[in-house]
Amino acid sequence: MKKLSMKKMCMLSTLLVTTFGATIAMANEGQAKHAERPNILVILTDDMGYADVGFNGSQDIKTPNLDQLAAEGTTFSSAYNVHPFCGPSRAGLLTGRYPHKFGSQFNLPRSSRSGGLGIPVEETYMSKVLQDSGYYTGAIGKWHLGEEAQYHPNNRGFDEFYGFLNGGHDYFPDKFSKQYNSQRKQGLDHAIFGYLRPLEHNGKEVEETEYVTDGLSREAVNFIEAAAEDKSTPFFLYLAYNAPHSPMQAKAEDMAQFPNIKDKKRKTYAGMVYAVDRGVKRIVDSLKATGQFENTLIVFFSDNGGKPNLGADNGPLRGRKGDVLEGGYRTPMFFHWPNKVPVGRKFNHPISTLDLFPTFSHLANAKVPKSKKLDGKDILPSIQAGTNPRAGEMIYAVRHRLGFSEAAARKDNWKIINRGELDNNNQWQLFDVDKDPSETKDLAEKHPLLVREMVAEMEAWSWTNIQPKWFHIHQEGTQWREQSMPRFHETFSLSTK
Amino acid sequence: MKKLSMKKMCMLSTLLVTTFGATIAMANEGQAKHAERPNILVILTDDMGYADVGFNGSQDIKTPNLDQLAAEGTTFSSAYNVHPFCGPSRAGLLTGRYPHKFGSQFNLPRSSRSGGLGIPVEETYMSKVLQDSGYYTGAIGKWHLGEEAQYHPNNRGFDEFYGFLNGGHDYFPDKFSKQYNSQRKQGLDHAIFGYLRPLEHNGKEVEETEYVTDGLSREAVNFIEAAAEDKSTPFFLYLAYNAPHSPMQAKAEDMAQFPNIKDKKRKTYAGMVYAVDRGVKRIVDSLKATGQFENTLIVFFSDNGGKPNLGADNGPLRGRKGDVLEGGYRTPMFFHWPNKVPVGRKFNHPISTLDLFPTFSHLANAKVPKSKKLDGKDILPSIQAGTNPRAGEMIYAVRHRLGFSEAAARKDNWKIINRGELDNNNQWQLFDVDKDPSETKDLAEKHPLLVREMVAEMEAWSWTNIQPKWFHIHQEGTQWREQSMPRFHETFSLSTK
Amino acid sequence: MKKLSMKKMCMLSTLLVTTFGATIAMANEGQAKHAERPNILVILTDDMGYADVGFNGSQDIKTPNLDQLAAEGTTFSSAYNVHPFCGPSRAGLLTGRYPHKFGSQFNLPRSSRSGGLGIPVEETYMSKVLQDSGYYTGAIGKWHLGEEAQYHPNNRGFDEFYGFLNGGHDYFPDKFSKQYNSQRKQGLDHAIFGYLRPLEHNGKEVEETEYVTDGLSREAVNFIEAAAEDKSTPFFLYLAYNAPHSPMQAKAEDMAQFPNIKDKKRKTYAGMVYAVDRGVKRIVDSLKATGQFENTLIVFFSDNGGKPNLGADNGPLRGRKGDVLEGGYRTPMFFHWPNKVPVGRKFNHPISTLDLFPTFSHLANAKVPKSKKLDGKDILPSIQAGTNPRAGEMIYAVRHRLGFSEAAARKDNWKIINRGELDNNNQWQLFDVDKDPSETKDLAEKHPLLVREMVAEMEAWSWTNIQPKWFHIHQEGTQWREQSMPRFHETFSLSTK
């Protein structure tokens, strides 16, 4: 990838023509503040368990490069994803809003080309805000937020995109390109499983030749090197590895790093994570080689909890991907930024990936459109001070299932949870998840007023959730309508106990 | 309350900068016509029965001050609310449209903070149109149209607001502030019943010290006095008493006015109405003292019918609050405006509170946005001439219940009504409500073509009703979807007889 | 009808004032290209069967004038309507989009005045694009796309409208005006069946005195003559005969043309078609007399398949109006344009009436708004070259029924079809409709991959279909919701076989 400086210059000249005075003023302001605007690098993994990195306590999986960054920065014990599965989690991350507020509570349709749908364009992405503020922006890896032109990364604030648009991908090019070509020869196109399609670069198909995790790391390095050509322009890179999401495919040499792991699933999973960690080393090396390491904020996390049946380990947390139990959406996370983010600190107050949009846009001194609603908050001051950024405030999670919903809310050390028919007979439980992250001791009877207050607040929040704009498969939609969902009168009832 | 003249001056200077020529033109026009622009005072009561004021025939409740205004003005025997219960009735009044057209057919969510919902901001209120035309505008009392910033009276055309945002309130400050503070100490906020919360003035909590009806009357007087400081600016005051809505709480001294009433409920109810009447005296006195009485149009009415089980009396009318029977939405009403509105006249043609928006905006010579849809009409010329303002035209009422709807339409002396499962086995009845306000003699078989025509017209009207944007409680929404509502094929069927 | 030259001049002067430079440029461009901009005449019949014109093989019905035009032009063996019944077919034609994309999958409400609904105004009609490009535009006959002001032809791009707004009409003025007047005298208005109402000219009721088909032909001639007054302005005429739609009413003299037809229904039907053909002669004569025949593109077709129970004949095609079988939406069609469209050619590649919008607007050199989505393509180059305009691309049809949908897609010679509960137990069939237009030999088992690919592509297309904005009768809507429609998980399932 090369930086599109011509394109940028054209954009700039247009601005100069249309609003000359204002542009000059902005440019001066930008220059003056440049030294304070860091590069921002988000490293996202996919379906990785809470305990699957060394810095979060993994005993069997080695992640030395992630661990070193974590040790030099601040780690988070209570960082929450916006949703316990992929699509809505990423939609929440990039928009800074709960996906329930804009009808994106479900993954996009299973159809290989996602049927013309995507996250509503009215929802501005953080990438657009950063791009508009002068950042050089890139997305690498998995997208999963819409495949039509208007939903494409290049139209949602990313100067560069390298990766694949749907929700996952096979890892070995030899294998997937052969299958793809074979099916094409049989006359298929729309019916081909998306995981087999060629990767792309800014809308043009490319022939990836490396194990995909390695290919994505390579492109991240390319992006970082291109960004270094003009250091007066900071960069924002959203590096969304699909590892260790299924299909479970690891390189033999990576699996060989784990002779002590006997379980085949766990061994494969470990190899997939290890490939990410290898890539992180290349990225850090590149940042250092290009003199950008000191001025780059690195934020690492997973998009939701792991799936133990595929080899993941959520450690002490109950539940797994898809649940509103802690194991479903509490994620390993660190911030790394020399001299700006505390070193070796563990941050225990609850935060949300919703907070990244306001945090990043504040760092970038970026102008957020007045009409833009944001559900999170700028947390950097709290991270630096070690204080609770939302004392007394709630972080929500609602995951719809067939005919009922799972709902949970965290406030300070407390969490209320109602998993509908899955658990405890549709009654609200209360856990002190600071002391009891495994959600074993229900304290609801001990603190009935607290439960009443938290449920009342969450119910008020729920009123502005809108009907889903799509479902992952047609059947989910039919069932949604058949069951007259959302049945929130059941979810928010306190009377069933 | 003090008039915000600074704020107004700022607004004016902005206008001058942006559209200099146009503003000058408007100002001249405004000055020339000023003498003709009256103050407008709406006095609204809550859940008051058709027969619960002296001027409408009450034998036991005294309302001497209302009665005097009524005697000096024109009373209406067939004035209809837009809806037989609170929220949609007020939404219809302020927007001038049937709430079924913008999804506001139900009261806002029960949740104490209404969950971020409110009457859609696209629906311009009469207050905004009057404010934009140069009126000094105030809302005092109950709001019930949305509690978030964008739905707040101060953002819907009211310079001043004093009262409470939700659908009702306790009356004795000693009692409700004690309960409120106690619950706050227990850690509650969202779970506190809204009736106990502090009142507010322009978004800031205040400590009301008087019986609430008296407090509202006091603030009305304050507003009228503030308005008198600059008589070149006419005022619009929307005084929405919550009396005599539940909770049934009257002052002992007011109840003592009714020694002949033995029934405790009726006695309390009478005391609550009497407090309103006392307030009206203070208001009239203030209008006179400030020299504004002659130039003020006073319009008095209730928001829907009374609840006999709480002590109300709908007189000869069948039904009660919530029904589309006459007792549900025909309201006592008078217009008072010296030398402009006929004195001692009883106006018997049907009118609707939908008519107030166009009537007031015409009086104010206000500019109604071109895109603004209005379902009513300017009725002042008809009132002055004693003619039917909508000969041959319909006034509708639709109230949704669990799995069916009540529907009614008035045209001239005729009313068709179908109460679904509640009455007459889902068949349309026809009453001559001019002669038979008690709806006792069904004339449908005698005038089958008239019924056919009126039902056909109402069915056509119903096609543009949209799905509700919210429900009062989640359960209502689930049931709405479970029942595949609205089941208008049943409502508008003529074949079941 | 007279051409409203004054109105046009006013519009032009407005343009000149507002955007002087641009208008001059356009005018020059327009003059330069004028010679190339043809008049466009669409002649549409209603519910006419595939085999009910001579040029498509009718043995008993004579259509000599249509046949001559067909012989001098290009006929189409595989032209498809957008939908197998009236409203959505016409909505698709005029908007150039599948009506499923803007909620217009059903006919407008049965109510005589259509209840304030119509094709969403956001969907620009071809008439508007042509009008904006300088065409003189007229609509004559049946509208059926909304009766309120904003949906009226005069507000959707037609300078002239003569006809009726609802979905059909009686043919004999003596009869229908008598019935109408009688019902009016009885006090009816909204309850009068729309087929009896007076015709209108640009919003004003007129007293039509001729058999309606003859009246429409007369007005077409008037329009053509008015257009000839200023030949520098090309015309677009949308002549939508309601014949041979029910009620089945033919002139005795027209039926007398078919002494060999003994079946009364068929004889009446034949007379109704013959009246259209007589009208076409008058129109052709007028075009010739005014010197416009050479520069006019004539496109003839029906809006959907015929109803054999009313006398129509769909020839070899299976099914009838309403079905997604070929007999439901494959239509007779010809293009006639001297020296521009091949003479005596039969065009066998599949095309859609969706293609007319882009084809016409290209011929008119008209500017299509950038935001305008079009589902068809400019097919004139393909017609001239005899090539397939959409090789490998799909034409869709989805018709919703009670609790299921019929779905079909044509690609090249292939058609997949799933009629839900109506046929073959909700399984997809595959026909080579080029060779087997009667859809008799299911080849699905022979070409499973082709079926899989086509169904996958159609399923992706279906994801952006939105919920209907209205239903023809309320009951259809209630049932739609009761059945949790659309049940596309059943429609697009491949697993039931």
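The values are calculated or read from the model by the stated rules, or taken from the named source; none is laboratory data. Here the structure is a predicted model, which means the values were calculated and not measured. Virtual Cβ from ideal backbone geometry, glycine too; neighbours counted across all protein chains shown.
Computed values, structure above
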{"item": "Residues that are touching a residue at least 12 places away in the same chain (Cβ under 8 Å) and loosely packed, with under 12 Cβ neighbours inside 10 Å, drawn from segment A:368-386", "result": "A:P369"}
{"item": "Unique residue being surrounded by 20 or more Cβ atoms within 10 Å (Cβ to Cβ) and either in the same structural domain as C:S111 (by TED's automatic domain parsing) or not basic (K, R) (or both) when the list is C:E445, C:E439, C:E482", "result": "C:E439"}
{"item": "Residues (surrounded by 20 or more Cβ atoms within 10 Å (Cβ to Cβ), touching a helix residue (DSSP H, G or I) at 6+ places or on another chain (Cβ under 7 Å) and part of a loop (DSSP other than H, G, I, E, B)) located in segment C:52-89", "result": "C:D52, C:V53, C:I61, C:T63, C:N81, C:V82, C:H83, C:P84"}
{"item": "Options B:D285, B:D277, B:D313: the member that is on the phi < 0 side of the Ramachandran plot, in a loop (DSSP other than H, G, I, E, B), acidic (D, E) and modelled with pLDDT of 95 or more", "result": "B:D313"}
{"item": "Residue within segment A:256-271 that is modelled with pLDDT of 95 or more and touching a Leu at 6+ places or on another chain (Cβ under 6 Å) present", "result": "no"}
{"item": "Positions within segment C:117-149 being surrounded by fewer than 22 Cβ atoms within 10 Å (Cβ to Cβ) and either without any contact (Cβ under 8 Å) to a residue 24 or more places away in the chain or at positive phi (or both), in sequence order", "result": "C:E122, C:G134, C:A149"}
{"item": "Matching residues, segment B:216-225, being within 15 Å of B:V280 (Cβ to Cβ) and of a type outside the set (A, V, I, L, M)", "result": "B:S217, B:R218, B:E219, B:F223"}
{"item": "Residues located in segment B:335-367, provided they are free of Cβ contacts under 8 Å to residues at least 24 places away in the same chain and not hydroxyl-bearing (S, T, Y)", "result": "B:H362"}
{"item": "Residues of segment B:61-116 satisfying the condition of being touching a strand residue (DSSP E or B) at 6+ places or on another chain (Cβ under 9 Å) and modelled with pLDDT under 95", "result": "B:S114, B:G116"}
{"item": "Members of segment B:164-173 found to be part of a loop (DSSP other than H, G, I, E, B) and either surrounded by 20 or more Cβ atoms within 10 Å (Cβ to Cβ) or under 17 Å from the mean Cα position of the chain (by Cα) (or both), listed by number", "result": "B:L165, B:N166, B:G167, B:G168, B:H169, B:D170, B:Y171"}
{"item": "Selected residue (only one of A:F161, A:F176, A:F223 is in a strand (DSSP E or B) and either closer than 24 Å to A:V276 by Cβ or touching a residue at least 12 places away in the same chain (Cβ under 8 Å) (or both))", "result": "A:F161"}
{"item": "From the options C:E439, C:E445, C:E453, residue that is touching a residue at least 24 places away in the same chain (Cβ under 8 Å) and either more than 14 Å from chain A (Cβ to nearest Cβ) or at negative phi (or both)", "result": "C:E439"}
{"item": "Residue match in segment A:419-434 (condition: out of contact with any Asp or Glu (no Cβ under 8 Å at 6 or more places or on another chain), in a helix (DSSP H, G or I) and not acidic (D, E))", "result": "no"}
{"item": "Qualifying residue in segment A:448-463 (condition: at pLDDT 95 or above, surrounded by fewer than 17 Cβ atoms within 10 Å (Cβ to Cβ), farther than 30 Å from C:Q483 by Cβ and under 29 Å from the mean Cα position of the chain (by Cα))", "result": "no"}
{"item": "C:K307 in contact with a Leu (Cβ under 7 Å, 6 or more places away or on another chain) and either among the hydroxyl-bearing types (S, T, Y) or surrounded by fewer than 24 Cβ atoms within 10 Å (Cβ to Cβ) (or both)", "result": "no"}
{"item": "Residue ID - farthest from the chain's Cα centre (by Cα), chosen from residues in segment A:72-101 that are more than 20 Å from A:S438 (Cα to Cα) and of a type in the set (V, I, T)", "result": "A:T74"}
{"item": "Residue match in segment C:327-337 (condition: under 17 Å from C:P99 (Cβ atoms) and small (G, A, S))", "result": "yes"}
{"item": "Residues of segment A:250-274 classified as in a helix (DSSP H, G or I) and either outside the structural domain of A:L237 (by TED's automatic domain parsing) or among the polar types (S, T, N, Q) (or both), total", "result": "1"}
{"item": "Residue in segment C:205-223 that is touching a helix residue (DSSP H, G or I) at 6+ places or on another chain (Cβ under 7 Å), over 30 Å from C:A252 (Cβ atoms) and more than 14 Å from chain B (Cβ to nearest Cβ) present", "result": "no"}
{"item": "Filter result for A:Y195 (outside any helix (DSSP H, G or I) and either more than 14 Å from every other protein chain (Cβ to nearest Cβ) or in contact with a helix residue (DSSP H, G or I) (Cβ under 8 Å, 6 or more places away or on another chain) (or both))", "result": "no"}
{"item": "Whichever residue in segment A:456-497 is within 20 Å of A:E421 (Cβ to Cβ) and of a type in the set (V, I, T) and, among such residues, is farthest from the other protein chains (Cβ to nearest Cβ)", "result": "A:T496"}
{"item": "Subset of segment B:104-124 (residues that are hydrophobic (A, V, I, L, M, F, W, C) and at the interface with chain A (Cβ under 9 Å from one of its Cβ atoms))", "result": "B:L108, B:L117"}
{"item": "Check on B:G141, in the same structural domain as B:F357 (by TED's automatic domain parsing) and over 30 Å from B:T464 (Cβ atoms)", "result": "yes"}
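Table: residues versus (1) surrounded by 18 or more Cβ atoms within 10 Å (Cβ to Cβ); (2) among the aliphatic types (A, V, I, L, M); (3) in contact with a Ser or Thr (Cβ under 7 Å, 6 or more places away or on another chain).
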position	(1), (2), (3)
C:K262	no, no, no
C:K267	yes, no, no
C:A270	yes, yes, no
C:T296	yes, no, no
C:F300	yes, no, no
C:G319	yes, no, no
C:V324	yes, yes, no
C:G327	yes, no, no
